Amino acid sequence: MMDELTLMQRIAVWILPVIFAITVHEVAHGWMAKQYGDKTADQQGRLTLNPLKHIDPVGTIIVPGLLLITFTGFIFGWAKPVPVDARNFKNPKKAMMIVALAGPLSNLLMAIAWALLIRIGVAIDMEFVSMPLIYSGVAGITINLVLALINMLPIPPLDGSRILSGLLPDYWAWRYNKLERWGFLILLVLLATNMLSMILGYPLYYAQQMFFSLAGL
């Protein structure tokens with residue numbers, strides 16, 4: 001659907017969905033941590049939807065921009081992680097699992113919101129209004145599903161690894177978490193070798209179809 005757009009149109013369509021997807025994901029982590037007793041993110045002014053508080057020059061701008069410009073068909077990014085201090089939790093393992101899950105869950109909720117926006121666009125019988133809503137909605141669904149799926153991968157420090165770590169015995173969780181220093185490199189290798197697309201391709205496709213059906217497309 002996006003193939004018919006020019007590069008500038010693509011940027012215009014994707015910029016807000018990408019920024020919101022990444023920003024809300026991080027705010028969700030901080031908000032959930034606060035519910036369990038850790039106010040670190042709140043005290044540092046990170047519980048805000050102001051993207052300037054969360055933008056990572058590489059993860060929020062450069063990486064998504066390059067993926068968009070090179071027409072890879074696969075766009076993702078990240079923001080500055082919100083600070084979470086597990087020492088403030090009564091039950092650190094359980095709390096960290098739920099705090100980690102809050103990020104991908106927020107992306108799924110945003111995907112639903114974008115699907116509803118598409119429904120509004122479809123219902124409006126004015127192309128100059130409806131088409132921007134539909135294109136932005138498709139981008140919003142896609143980026144949020146990609147972020148949710150990527151973050152559920154069990155690669156430290158992604159959210160999926162925090163959940164798995166909480167299920168492991170303490171010793172094995174400690175050994176597993178030591179992989180964190182290699183996590184970003186592993187992710188880059190998976191992306192560069194197209195393995196990431198192979199791993200997430202089918203789950204992303206079927207999830208997109210479900211949300212596009214919800215959107216009335």
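The values are calculated or read from the model by the stated rules, or taken from the named source; none is laboratory data. Here the structure is a predicted model, which is why all the values come from computation and not from measurement. Ideal geometry is used to build each Cβ from the backbone, glycine not excepted, and the neighbour counts take in all protein chains shown. Ligands, DNA and RNA are stripped out before the accessible areas are found, and what is left, the full protein with its side chains, is counted by its heavy atoms. Shrake-Rupley method; radii C 1.70, N 1.55, O 1.52, S 1.80 Å.
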Residue hits (the stretch 135-161; in a loop (DSSP other than H, G, I, E, B), surrounded by fewer than 22 Cβ atoms within 10 Å (Cβ to Cβ) and among the aliphatic types (A, V, I, L, M)) are MET152, LEU153, ILE155
Of the candidates TYR202, TYR176, TYR206, TYR171, the one satisfying the condition of being of a type in the set (Ser, Thr, Tyr) and open to solvent by less than 50 Å² (accessible area, probe 1.4 Å) is TYR176
When you scan the stretch 105-112, do you find a residue that is loosely packed, with under 15 Cβ neighbours inside 10 Å, of a type outside the set (D, E, K, R) and not in a helix (DSSP H, G or I), even just one? no
Could you tell me which numbered condition ILE124 fails, if it satisfies all but one of (1) surrounded by 24 or more Cβ atoms within 10 Å (Cβ to Cβ); (2) more than 14 Å from PHE211 (Cβ to Cβ)? (1)
